[in-house]
Every structure is written in structure tokens, then in C-alpha cells.
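Engineer: If you scroll down you'll find the structure; I have some questions about it.
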Amino acid sequence: MNDLLHKADDLSRRHFLAQATKSLLGVTVFTPLLAQAAATSQGKSAAAAGPLRKPTARNVIYLYMSGGMTHVDTLDPKTGEVAGPVKSISTAADGIFLSEYMPGLAKKMDVASLVRGISTTQGAHEQGNYYMHTSYTMRGTITHPGLGAWIQKHEGRTNRTLPGSVRIGGGANGGGSGFMESKYAPLVLGSATEGVKNSRMGVSEKEFNDRLMLAQQFDEAFHQKYNQKNVRAYKDMYDDALRLMKSEDLKAFDLSQESAAVREAYGNNGFGQGCLLARRLVEHDVRFVEVTLGGWDTHSNNFTSVERLAGSLDQALSTLLTDLERRGLLEETVVCLATEFGRTPLINDDDGRDHFPQAFSGLLAGGGIKGGMVHGKTCERAENVVEGKVSVPDFNATIAYALGLPLDQIVYSASKRPFTVADKGQPIMSLFA
Amino acid sequence: MTFRWPRFYPPVVSVAAVLMASPCLSAAESAVAAAAAEGAEVVTGHLFNSLLYLPTGLVLGAILLEFFAQWKKNREVEPGILFLLFGAAGASVSVAVLAYLFSPVGRASGQLSLFAMWMTVVAAAISAAFYLKRQARSQRLFSLNPAPQLAGRVVVPRTSGQRGLIIGYRIALVLAFLITLVGISEMPLSQARGPSLAQATQSLVQAWGQPESPVRPAVTAPSPAVTEAPSPAAPVTPAAPPSLASLLGAETPSPLAAVPATPAPAPSTPSAPAPSTPSTPVAAPPAPVSPAPSAPATTPPESESMVSATTPPEPPEPAKPAVPSVPAPAVPVKPAAAATPVVKTAAAKLPSNFFATKIKPMIDSKCVDCHGSTKQKGDLRLDSVAAIKKGAGHPVVVAGDLELSSFYQRLITPDQEDLMPPPDKGGPLAPNVIAMVKAWIEAGADFGDGVVATGQPPAVVRPGGVLEEEKSKAVPPPPAAIVDQLVQGGAVIRAMSANGALLDINLTHYEAGPVNLADLSPIAKNILALDLSRTRLKDADLAPLAGMTNLVRLELKRNTITDAGLVHVQGLVELETLNLFDTQVTDAGLAQLAGLKRLQKVFVFNTKVTAGGAAALQKAIPGVVVNLGE
């Protein structure tokens, strides 16, 4: 209070007049209080949500297995009827077994941890995908942002030139900027190898600048007339694009900079190259990179498809972990393997497995997460979580916690609805050292 | 007749009052932000809460009467309006004074003081309204006098002066009403809890300039969680109220000058760490208490900032959404030498069979249907002591801490969805039952099983966190100007300790010219982690690193650094992680690091380091992992 009043002593004349006018005209009548009330009613405010905890990670590489990865044939192997023809193998971590489709990952289990008791409420692809990406269930009235947007909203980018979030080889269902500003939306790349489209000036620099100037002249009146957040966002987008085009960091997208041996090690397929690109981008301080591997919806011929898919996944993931580790990047990067739901342990008549939201598995590595751990356990038939049940928000909260994001800080949508990163999920603390 | 200017034209007076109040508003605004930073909540007592609504009510009454007076010209009620306005003015002055008195003791001091400012404005507006009304009335009566009421109602045309008075009066009245209404409805007041008049009295006593008097008036609110043991490391208690003398002496007058009823306290010494400030809870030092032997696996969380924050005497916030704090595993906390463990004593001693005789029967009848052997909603079972202690993935009962005990919070939450028992199953429980649970948890949540709770959740921190929290106390916070300048230039800076003294700085994308580590010298001790990847630094540029003795993690990857550069790293004894990937260092350079006994990870992929050099370092520092990338 003393400080407060002393502060009042050294008001400038300008400040004094501004304050006086404002109060006389009723401009500030209780606006500070209103803002405060909004913050206080939630118990925390923006400032309070500051460095309560020490972040252990800076970036996320999010490997998304689209279609619903079968947990029984990959991360949570079983014996007997439900296993089908798949055997389990031991791993670098004592007591942890993986499916024989994952030999590479088995060698890296000392740096990765499994979450075997995830359980979701969504059993359809679109809804499950959305839920996994946003921690909120799909609804008509609002679109929720994904983790990439949350990171940028709370902490901004590290590299101001490159986009804060990049999505490689995936659709746009869930995980966009949602109700947040569109500048937080990920840059979507169809394929890892083609780089950023249209990132080269097709004309001379002078001509390019002339065109730019012309465009600005056209826009100016409109911008003045509609000086709003969403309109300004377009301008920001242009500025970002220009900065990217002129940047040295653009070569982060260029996989030809890597040696053939490295490219080969990741696997000569879209997902493998995507993981390599993810590593390059994280190295250039892009904070959230998502790589999608599709085709996991194995209702029929499960074992043929899974052997192929798990092969790509295993090669890319194990190489990625090794590569991140030796560059010291695994210290500050969470690698996460997620999917929308598991698949039925019971093999159907088409030799396939169907949707199974009740229990499935994920993987977390790096960024302060301990290696060689398993959280949660399913029963012998892989059908029920018998220990350490984890909801989808819990899983995402774990990633957010590693990043040091304030889990309880509320961000309001335009319609003033309150949302938090990972919707009240509780991080799995046993995974942190 | 012509219009006479009164001697003190009231609008002028009220405008002056507002002008005087306004400079303090900006200060109050910043204080509000600061208070918000603590997740503050207004803590006041019964008296204040009930008095708060009086001005609004009285002004509303006056407005209604005014309508009544206009309707069919019921002039007779006009003295009543004046009476109500007089009362309203008095009440708002009282509220303003009380809010000011409470502001040093409440947790949302800034909010309350801002509120006090506005109540001053309200008081001025009401007084103005009162004065204008009286002027208008007396002038009207005066103009009626020459023509006494012979023929019933005589409609005398109003003069322009009268019209002005009436318009001014109405504006002032409506303004006062709106301000009080908006202000009060937006005050997130705690209802009838926490420190009350006794604390206000105490702060008053302080304000009267007796800081050294060892008077300890009884604090009305029982505060069992707060230790009475004075702690040598107790941080600064909330500032004592400023003395009016200093206020009046200030260059800009304070709004309180407009409040006539303010007692004039003698100058006090606010900087003196008042030896006895019972109105403010003794701040617990961030005591690294060794984990409770009772249940280390369910160690309750405590955000790091709370560790150093002042412990509120009355923690529960019913309005808080039932988001339990992040549960954390029990980290075997390294006891830091400087820390004094706080001895916590349960204030109210309950009989050891309290749980068995009072709490258990309540749980059995109210909770076990859904949280028992048949159903385990929310993965929570409450049918045995072990199950209660286990909680639902996070602890539900935390001895001595109501705020962290969701078992209690769910009983009192206003959120119908979170309320336990659910509204359709008999919730909420009777107030006396809730009070019983509260008392039990406050007294240490004794299950009667012989396991004595410590009464305080151990500080939960990330690995090495205790050390860092201790370290952060020893380091003065970085000057904001330097940090701002770095951030402007493109540095990415994250705070790594609750008080913001320790920093993680990433200079990879620094744009404002080449990175010059000498710029960091003023905050050298603040740097816990430093990322210099791809900054084109040369060996000689690394010299300022030697001063960053708190450095735990250093990223030098992708620079043309040689062994000569590592010389500057030799003295960084706290260093745990060193990334030399893609540099020019050799085995000889690595050998220089042998003195860094805390080193855990060294990355030397793509350097000239050989397996032999790595092995040599691993021999010199037991436990270090040298990653050659093979």
C-alpha cells in the first residue's frame, strides 16, 4: 500500500490528466475491477499462472497414428487368444515387453515410457481424433484449439521466423487454432519432401516488392475501415509468410540437406521422412510438430497391415529417438505417440480388429519424462484398464505439464466460455523424474 | 428571482474530489494486477460485507422516492429523500474508510484500496446530489413563498437555475447508484469468513504508529494451519498501512483527504519488519520437509509459488473450481542447509476416535454408495482408511490443508456438477456436518490409526527444485530492463523458479546484432540454463560464461567452438548438462571438464571426441554419460 501511494507521487502531468479525464468521463469506472473479478473468480490470473513449476521441455513431436492403432499388436502385447500370431519381445527396459513388430523401439525403451491405461469416451474416428487433439469432445458450438496453439498462446514461439506449429501429412480435424487467433494454426504440409509450397519468389525481388506494395495499397482502406483482430490477423499472416520466405531458416524444411544415410535410417516413406523433418524443425525451434501415420483402421487383415505400419513406425520412431538423443534435443523435446483409440483384442471374422475406446496405449519420451517406465496396466485380455487409468485429458495434461504450461489458467473463447489446456486433466506425475 | 451561486458550488467540490482521487487510481490499478498475481481474494468480515450494500440500498430508495415525488407531485416526501441521501453519503464514507482499513490485511489489498477510491467518488457524488437537491428545494420553496398555497397546488415555472440544479442532482444520483451497483456486484467477496474487525482494529493500531508494541489482539479466525513459531526467514509481511501524515505530505493528495472520518494515524515505519504483525499470517519459509512417513506416495502437491507465498489463515475458497492442484510424486527432497523446518502443530486437538465416531459414520451413510465396493465413481473409494488415503489418483484428504483436500472442497463447492453428494442424492450436507469435516482436516486429519500427519504437505518440487528454490532466494531478481531488452532482441526467456530469479535463456534467435555474452553479466547469477546453439560464437566470446556459476544446463551446439572455449566452462561447478554437439572440441577439451563433479550428460556427437576421451571423462566423473552419438 505504501509503495502504491508512493507511486502516486511521481505521476506525470500527462498521466494525471489522462487519469482524471478518464475517471470524470467514467471510462475506467470499475473496468480494472471487472477484469480483476474475472481473474479472481477463477482463482488464478494470468500473472499468477506464471512460473509455478519448472518446465522440463520446450518442444513436442507428436506422432499421431490415425485410424486407431491396435494396442495389442504394438505397445501392449498379450499372450493367448487375443494376441493372434504376434509374439512379444523383451526390451532394453527390464520387465517391459513390446510386440515383435517393434524391435527398434524395444532397444530404445530405456528412454521412452509407456502409458498403457488410456481410456477414451469417443469410439468414432472423427470424434476420437478431435478429442485426442483438443482434450475436449466435439460439439457444434465451438472449435477447440490443439496443443500447438495452446503452447503458442501461453508461451509464444521460440523461433519467430518459422511457424510455431507444423503438421506433416495429416488432415485438419482437431488440433488447429480453434477459437484462438488464426495465427496459432499449424502450417500444414501434405508431404515432408515437398517443403513449403510457394516459398520462392517467382519473380525478381524488385518486381515482388512492387506487387506487394500494390497489394498493400489495395488493402489499406479496408484495414483502416475494419481495424479488427481477425482482419489484422491477415496482415500478420502476410508478414509471417514474408519473413519465412526471406529467412535462412527456410532450409529447415529442406530434407535434401540431410545425408542419404540419415534419410534412409528414418525409412523411405512419408512417415519416416516426416519424422526427419520434425527433427529438423525442432532443431530450428519449432515448438510443436505433428507427424501423422494413417491407415491404422484395420477392420480386416489386421496383421498384414499392422506389420507394415508398425514397421514404418518402429523404424522412424527408434531412429528419431536416437537422433534426438545424440543431439541433446531429447532433453527438451517430448516425443509423443498417440492415436484416437485402441482396437478390439478379440479378432473378428475378417481377421481384423474393430474400434476399442475402452483401453489403449500411448508413448511418451524425452523432455523430462523418465525412460523405461510403464504407467497403467490392462487385464490379460487387454480389455480393461486394471491399474492407472488415464483419460485423454490426463494424457495431454502430462505433455502440457512437461512444457510448463499453466494447466489451470483459463483462456476465454470469443463467446467468453472458459477453457484450459487439457481440460482439467491431471498429469501422470510418476513419469517425471 | 435570479439565480444565486452558492458559496461552495457542490459540483465543483465533487469534481475536485474525483480529480484528487484519480491519480491514485493508476497506482491502485497496478496494485490490483499485483493482487491478481497472487490469485487474491478479498478477505473481510461480517461488518464490512453487510455495510457494503447500504449505500446502494439507500440510493435506490432515494431514487424510488424521487419517482414517487414526481408522480402526482408528491412533494411531501422530499425531506425523506434528503434523509436517505444523507444516510447514503454517510454509509459510503464508512464503507470507503473500512475498505481502506481492510486493504492492508486482505489478500486483495489492491482491489480493496481501489474499491475505497471509488467509494470516495460515490460519497462525493451522493453528497453533491444531496446538496443540489436541497438547493433546488429551498429555491422552489422560496419562489413559492410570495404566493402562499392559497389555491391548492400552484405551478410555478422553474427558473433555468433550478432546472440546472435538478438535472445535476439527477445525474449525480444515477451516477452514484450505478457505480455502487457495478462495483459491489463485481466484488468477489468472501462471505463472512476470514479476518474480521479484529484485524481491521489491528491494522488501525498499527496505523496509529505502534509497530513495536507487542500487542497481539486475538485473531478471530482460528488459524490452525499457521504456525506460531516465528520464523527467522519469514519474508516481508504485507505492508503496514501508510500513515495519513505521509499521505497528506505527498505531492498529490490522496482520495482519503476527501474522507473526513479517517482517523489520523501517526507516521509509522512501514519498512520496519514489524516484530509482531499478528494480523498477517507468519509466512512459512519454503521448508523442505522430509516426506511424511505416513503416505509418501500420496504426497499432496503444492505449487512452488505457494511455498514462498504467505500462508493465508483461512485457505478455503468455495468459489474455486474443483480443479485439484497437480498431484506430484513424493520427491525425496534434499534438505537444504539454509532452511529451517517449520514445526506445525495442530491447533484444535480432536479426540483420536473423532474419525471413527464422527467422520466414518458420515462417510458410510453419505458417500459409500457411490464410492465403495459396489461403485467406484471417479475411481475413488471411501470405504476404508487406506482407500481414503489413496485418493482418486490424487489425494483427497490433505492433513491441515482444506484447499488441497478435495474431499472437503467437493462438499462446499457452489458448482452443482462437482458438488458431493450430488444435489439429487442429498447434497449439500448440513452445515454442521461440513464444519465437522473441516475441523477434522484442519486438526490434521487423524484417522485414529496411529499415523500422525505432519499437518503440512511437503513442498513439491521438480528434481533439483528445492535446491533451485533455495538458490533462487540467494539471487536477487534480474533487473527488468535487462530482461526486457533481451526479449525485445529476440531472446526467449523462461522463469525457472517461483520468484522469477532464475532464468532459462535461449539466444539462438537473437536478432538485435550478434550475441554478446557480456550483456548477460549483470544477470550472470540468474541464469540457470543457457542455450547458445547456432549463435556463431567463438572461443573468446565465451569468457563471460565463467561468471554464470549457477548454470545447470548449457547448450553450445553448432558453434565453431574448440577446446579453448571450454576453458571458460571449467569453473561452472553446478553444470549438469553440457551440449557440445557439432563443435570442434577434442578429447583434450573434454579432459578439462573433469572438475565438474555434478555433470550428468555431455553430448559430443559430431565432434572430434573419441571413445577414449569419453571413457576418460566417465572415469573422472562417476555417473556422467558422454553421448558420442554412435
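Engineer: May I ask which of B:Lys538/B:Lys608; A:Lys153/A:Lys235; A:Lys377/B:Lys377; A:Lys197/A:Lys229; B:Lys390/B:Lys471; A:Lys153/A:Lys416 have a Cα-Cα span longer than 22 Å here?
Structural biologist: A:Lys197/A:Lys229; B:Lys390/B:Lys471
Engineer: Can you return the aspartates and glutamates within cross-link range of A:Lys78? Criterion is Cα-Cα under 15 Å, with same-chain partners fewer than 8 residues away left out.
Structural biologist: The reachable aspartates and glutamates, counting only those whose Cα sits under 15 Å from A:Lys78, are A:Glu100, A:Glu380, A:Glu383.
Engineer: Which whole number gives the average count of other chain Cβ atoms within 10 Å of the Cβ atoms across peptide B:497-509?
Structural biologist: That works out to 3 on average.
Engineer: Mind ordering A:399-408, B:170-179 by average Cβ neighbours within 10 Å, highest first?
Structural biologist: Taking the mean over residues of other Cβ atoms within 10 Å, the ranking is A:399-408, B:170-179.
Engineer: With a Cα-only, solvent-free Debye model of the range A:212-269, what are the log10 I(q)/I(0) values at q = 0.15, 0.16, 0.17, 0.25 Å⁻¹?
Structural biologist: Computed log10 I(q)/I(0) values: -0.62, -0.65, -0.69, -1.01.
Engineer: So which lysines pass the test for B:Lys73, namely a Cα distance under 21 Å, with those fewer than 8 places away in the same chain ruled out?
Structural biologist: Leaving aside lysines fewer than 8 places away in the same chain, those within reach of B:Lys73 are B:Lys133.
Engineer: May I ask for the equivalent-ellipsoid semi-axes of the range B:530-610, computed as the square root of five times each C-alpha gyration tensor eigenvalue and listed largest first in whole Å? Let's see the in-between values first.
Structural biologist: Values: eigenvalues 53, 40, 27 Å².
Largest first, the range B:530-610 gives 16, 14, 12 Å.
Engineer: Tell me, in nm to one decimal, what length is gained between B:Met362 and B:Thr159 on full extension, where the rule is 0.36 nm per residue of separation less the Cα-Cα distance? Walk me through the numbers on the way to the answer.
Structural biologist: Numbers: separation 203, 0.36 × 203 = 73.08 nm, distance 7.37 nm.
Extra length from B:Met362 to B:Thr159 when fully extended: 65.7 nm.
Engineer: Shifting gears a bit: By how many nm would the segment from B:Ala611 to B:Thr560 grow when fully extended, if each residue of separation counts as 0.36 nm and the alpha-carbon distance is taken off?
Structural biologist: 16.3 nm is the gain from fully extending B:Ala611 to B:Thr560.
Engineer: Leaving out ligands and nucleic acids, and using a 1.4 Å probe, what accessible area per residue does the range A:231-273 come to in Å²? Don't skip to the answer; put the middle values down first.
Structural biologist: Numbers: 2430 Å² over 43 residues.
Dividing the accessible area of the range A:231-273 by its residue count gives 56 Å².
Engineer: Based on the Kirkwood radius over alpha-carbon pairs, what is the Stokes-Einstein translational diffusion coefficient of the range A:349-390 at 20 °C with 1.002 mPa s viscosity, in µm²/s?
Structural biologist: Rounded, D is 173 µm²/s.
Engineer: R0 = 41 Å: FRET efficiency of A:Arg200 with A:Arg417, Cβ-based, nearest 0.05?
Structural biologist: 0.45
Engineer: Continuing with the same structure: At q = 0.06, 0.07 Å⁻¹, what is the log10 ratio I(q)/I(0) for chain A, with the Debye formula run over Cα points and no solvent?
Structural biologist: Those come out to -0.30, -0.40, one per q.
Engineer: If you take each beta carbon of peptide A:320-328 and count the beta carbons of other chains within 10 angstrom, what is the mean?
Structural biologist: 5
Engineer: For the range B:548-591, I need the span (max minus min coordinate) of the C-alpha atoms along each principal axis, in Å, sorted largest to smallest.
Structural biologist: Principal axes ranked by extent give 25, 18, 13 Å for the Cα atoms.
Engineer: Treat the range A:103-153 as a sphere of radius equal to its Kirkwood radius over Cα pairs and apply Stokes-Einstein at 4 °C in a medium of 1.567 mPa s; give the translational diffusion coefficient in µm²/s, rounded to a whole number.
Structural biologist: Details: Rh = 13.4 Å.
Answer from the Stokes-Einstein relation: 97 µm²/s.
Engineer: Name the residues whose placed amide hydrogens come within less than 5 Å of the amide hydrogen of B:Asn627, ignoring near sequence neighbours (fewer than 5 apart) on the same chain.
Structural biologist: Answer set, sorted by chain and number: B:Val602, B:Phe603, B:Val604.
Engineer: Let me ask something else about it. Need one number for the range A:336-423: average projected area of the convex hull over its C-alpha atoms, nm².
Structural biologist: Result: a mean projected hull area of 8.0 nm².
Engineer: Full-extension gain between B:Gln488 and B:Val174, please, as 0.36 nm times their residue separation minus the C-alpha to C-alpha distance.
Structural biologist: Fully extending the segment from B:Gln488 to B:Val174 adds 108.4 nm.
Engineer: To continue, here is another question. Can you list residues whose amide H is under 5 Å from A:Ala112's amide H, if they're 5+ apart or on another chain and H is modeled 1.01 Å from N?
Structural biologist: Answer set, sorted by chain and number: A:Gly372.
Engineer: How many nm is it between the label spots at A:Glu220 and B:Arg598, if each spot is 7 Å from the Cα in line with the beta carbon?
Structural biologist: If labels sit at A:Glu220 and B:Arg598, their model points lie 5.7 nm apart.
Engineer: At the nearest 100 Å², what buried accessible area, both sides summed, do you get for A and B when the probe is 1.4 Å? Could the numbers behind the result be given before it?
Structural biologist: Values: alone 20890 and 30990 Å², together 45110 Å².
So the total buried area for this chain pair works out to about 6800 Å².
Engineer: Over the alpha-carbon set of the range A:80-179, divide Rg by the Kirkwood Rh and report the Rg/Rh ratio to two decimals.
Structural biologist: 1.09
Engineer: Rounded to a whole number of µm²/s, how large is the Stokes-Einstein D of the range A:120-277 at 37 °C and 0.692 mPa s, given Rh as the Kirkwood radius over C-alpha pairs?
Structural biologist: Taking Rh from Cα pairs, D becomes 182 µm²/s.
Engineer: Additional query: Under DSSP H, which helices of chain A have Cα atoms covering 20 Å or more of the helix axis and a Kyte-Doolittle average no less than -0.5? If you can, show how the numbers build up before the last one.
Structural biologist: On the way: long enough: A:205-225 (30 Å, -1.21); A:229-245 (24 Å, -0.84); A:302-326 (35 Å, -0.06).
What comes out of the filter, once short or polar helices are dropped, is A:302-326.
Engineer: Would you list which aspartates and glutamates come within 20 Å of A:Lys424, measuring only between C-alpha atoms, while excluding same-chain residues fewer than 8 positions from it?
Structural biologist: Straight-distance partners of A:Lys424: A:Glu155, A:Glu340, A:Asp394, A:Asp408, B:Glu302, B:Glu304, B:Glu317, B:Asp379, B:Glu403, B:Asp415, B:Glu417, B:Asp418.
Engineer: If you don't mind, there's one more thing I want to ask. Limiting things to C-alpha atoms, what are the Rg and the maximum Cα-Cα separation (Dmax) for the range A:79-121, in angstroms?
Structural biologist: Rg then Dmax for the range A:79-121, in Å: 11.7, 33.
Engineer: Spelling out what I want: for every residue of the range A:414-427, take phi, set θ = phi - 60°, compute 6.51 cos²θ - 1.76 cosθ + 1.60 (Karplus), and round to whole Hz; glycine and proline get x.
Structural biologist: 4, 8, 6, 9, x, 9, 10, 5, 6, 5, 6, x, 9, x
Engineer: R0 = 51 Å: FRET efficiency of A:Asp239 with A:Ala433, Cβ-based, nearest 0.05?
Structural biologist: E between A:Asp239 and A:Ala433, to the nearest 0.05, is 0.80.
Engineer: A:Ile168's amide H: which non-local residues (gap 5+, or another chain) put their own amide H closer than 5 Å, with H modeled 1.01 Å from N in plane and none for Pro or chain starts?
Structural biologist: The list, which skips near neighbours in sequence, is A:Leu189, A:Glu290, A:Val291, A:Thr292.
The values are calculated or read from the model by the stated rules, or taken from the named source; none is laboratory data. Keep in mind the model is a prediction, meaning the values are calculated, not measured. As a convention, Cβ positions derive from the backbone with ideal geometry for all residues, glycine included, and neighbour counts pool all protein chains shown. Accessible surface is based on the protein model in full, side chains and every heavy atom, while ligands, DNA and RNA are left aside. Shrake-Rupley method; radii C 1.70, N 1.55, O 1.52, S 1.80 Å.
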